[in-house]
Amino acid sequence: MAPSCPRVPLVLMARRCDIAAIMHSHRHFQPDRSLCAPCARNAARMQGTFRAQDDDSRRPGGDDQVGIATKTRAKPKKPSQFKVLMLNDDYTPMEFVVMVLKRFFGMDLEQATRVMLHVHQRGVGVCGIYPYEIAETKVNQVMDFARQNQHPLQCTLEKA
């Protein structure tokens, strides 16, 4: 058996290839101290002294070096956001608009009243900003609910 490393607990000796455990036990690695061969190799890899080489660029004569391959992950893109807009009309009661804003957009009475008055005075107002699928669902829910209650309330979406 290889000589035991003075810094690796006996529990870890059975699992010398476990790089995370070795890195943890050698977090204060000093190159001048003597380590067992597997621990020294793993510690050197962690410090970046070995570089990975492609199969094509290996030198003849068995002087191959071993390295750790890393894979970069692309961060997922955030979904595009869409505004849900409510349009003013002269026939839908203000109370109905407030009820719609509370029910489908989770607004309290004060906020729903503010948005309803904005829509009434300016002709259009933003009810919320959501990813496309959610915005589309909210528009359909509002339109269906207005139609069921025989109101001509219009709701659309546009890119934020």
Selection from the stretch 92-115 of residues closer than 13 Å to residue 155 by Cβ and over 33 Å from the mean Cα position of the chain (by Cα) yields 92, 96, 97
Note on the stretch 68-104: residues small (Gly, Ala, Ser) and surrounded by 10 or more Cβ atoms within 10 Å (Cβ to Cβ) are 80
For the stretch 105-133, the count of residues that are open to solvent by 30 Å² or more (accessible area, probe 1.4 Å), part of a helix (DSSP H, G or I) and closer than 16 Å to residue 145 by Cα equals 0
**Test result for residue 16, modelled with pLDDT of 60 or more and either over 30 Å from residue 154 (Cβ atoms) or open to solvent by 100 Å² or more (accessible area, probe 1.4 Å) (or both)** = no
Within the stretch 144-160, the residues that are open to solvent by less than 80 Å² (accessible area, probe 1.4 Å), out of contact with any strand residue (DSSP E or B) (no Cβ under 6 Å at 6 or more places or on another chain) and not in a loop (DSSP other than H, G, I, E, B) are 144, 145, 146
Whether any residue in the stretch 72-90 is within 30 Å of residue 41 (Cβ to Cβ) and not in a helix (DSSP H, G or I) is what I want to check. yes
Residue 69 meets each of (1) farther than 30 Å from residue 40 by Cβ; (2) free of Cβ contacts under 8 Å to residues at least 40 places away in the same chain with one exception, condition (1)
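The values are calculated or read from the model by the stated rules, or taken from the named source; none is laboratory data. Remember, predicted model here, so these are calculated numbers, not experimental data. Cβ coordinates were reconstructed from backbone atoms using ideal geometry, including for glycine residues, and neighbour counts include every protein chain displayed. In case anyone asks, the SASA skips ligands and DNA or RNA and just uses the protein heavy atoms, side chains included. Shrake-Rupley method; radii C 1.70, N 1.55, O 1.52, S 1.80 Å.
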